Amino acid sequence: MRRLAPRPLADAIGPIRRDLAPATTLARVQEAWASVAGRAAKEASPVSERAGTVTFACRSSVWAGELSLMAEDLKARLNGALGDQSVTDLRFVTRSS
């Protein structure tokens, strides 16, 4: 089969990237976060994980507060996306500039 145009680089490296991703809770949360959080995913990023507590850096204190109020629902949705109960708590902090 002959290709008429170059294919996007993301299509070529996607399978390799999945194979190279570390097998950590943080990496799994980072992968699932956009689908779990929707629009809020642009406002907060998972940056660390320790003993099941995932810390998110938020663009503002307003978003940190708002997401903190949604933490139980987000935790349940994250664990559902991950297929286990590896996330025990969510922590939202303001990103330092």
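Structure above, values below:
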| item | result |
| --- | --- |
| Relative contact order [Cα under 8 Å, 6+ residues apart], the chain, whole percent | 27 percent |
| Cβ charges +1 (Lys, Arg) and -1 (Asp, Glu), total dipole of the chain, debye | 520 debye |
| Options (i) 18, 55, 23, 4, 0; (ii) 15, 43, 24, 12, 5, 1; (iii) 11, 13, 11, 10, 10, 9, 8, 7, 6, 5, 4, 3, 2, 1, 0 - which one matches P(r) over Cα pairs in 10 Å bins from 0, in percent as calculated here | (ii) |
| Stretch gain in nm, segment T94-D11, where the contour uses 0.36 nm per residue and the Cα spacing is subtracted | 26.5 nm |
| FRET efficiency, Q85 to A34 (Cβ-Cβ, R0 30 Å, nearest 0.05) | 0.90 |
| Antiparallel content of DSSP bridges confined to the stretch 25-94, in %, to 5 | 50 percent |
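Quick note: the coordinates plus some simple rules give every number you see, no bench work behind them. None of these values were measured; they are calculated from a predicted model. Methodologically, a virtual Cβ is constructed for each residue, glycine included, from the backbone with ideal geometry; neighbour enumeration extends over all protein chains shown.
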